[in-house]
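The structure appears below as structure tokens.
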Amino acid sequence: MLIFLYWGGIGETEMTLKETMENSKKIRYSVFFPYIGMRIYPGTPLHRMAIEDGTISADNPLLDPTYYLAEGISADSCRAMAKETGKAWIFPDDPLSADIDKMRVLKKKKGLIWEYLRKP
């Protein structure tokens with residue numbers, strides 16, 4: 001089973017992250033794909049909120065991807081908590097190309113490879 005998550009959005013706290021981690025332990029044979037932060041797009045409620053709370057300036061055109069991350073949440077703490085669960089977590093910036101090549105070439109795996117990464 002593939003599970004996609006967004007962490008660090010509006011209202012996220014360390015307590016809600018810990019709850020997510022505890023619940024992840026109950027899901028067997030899965031791979032988790034967490035994204036940390038929410039991308040801010042112009043003209044959205046999140047855009048207005050980010051300006052009001054000082055996350056971004058009002059004149060930021062948001063041409064480069066800019067993300068909102070709830071106060072007190074860090075990517076490093078999210079990764080550390082995820083690792084402690086013993087589950088398979090794949091973050092967007094994880095270097096997996098070598099592992100994928102190994103599975104496809106050495107182990108002769110074809111098609112979707114995520115099922116080979118899952119953990120009970």
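Since every read-out is calculated from the coordinates, none of them should be taken as a lab result. Remember, predicted model here, so these are calculated numbers, not experimental data. Every residue, glycine among them, receives a Cβ derived from its backbone with ideal geometry; neighbour counts consider all protein chains shown.
Computed from Cα atoms alone, the Kirkwood hydrodynamic radius reported for the stretch 8-61 is 13.5 Å.
Here the 3J(HN,Hα) profile of the stretch 25-38, calculated from phi with Karplus coefficients 6.51, -1.76 and 1.60 at θ = phi - 60°, is 5, 7, 9, 8, 6, 9, 10, 9, 10, x, 10, 9, x, 10 Hz, Gly and Pro shown as x. Under 5 Å from the amide H of Ile40 lie the amide H atoms of Thr66, Tyr67, Tyr68, each residue being 5 or more positions distant or on a separate chain, with H modelled from the backbone and absent for Pro and chain starts. Treating r as the C-beta distance of Ala58 and Thr16 and R0 as 25 Å, the FRET efficiency rounds to 0.30.
Across the stretch 1-93, Cα-Cα distances exceeding 20 Å account for 41% of all pairs. For Leu5, the residues whose modelled amide H falls within less than 5 Å of its own, excluding neighbours fewer than 5 places apart on the same chain, are Phe33, Tyr35.
Ranked by the mean number of other Cβ atoms within 10 Å of their residues, highest first, the peptides 19-28, 66-75 come out as 66-75, 19-28.
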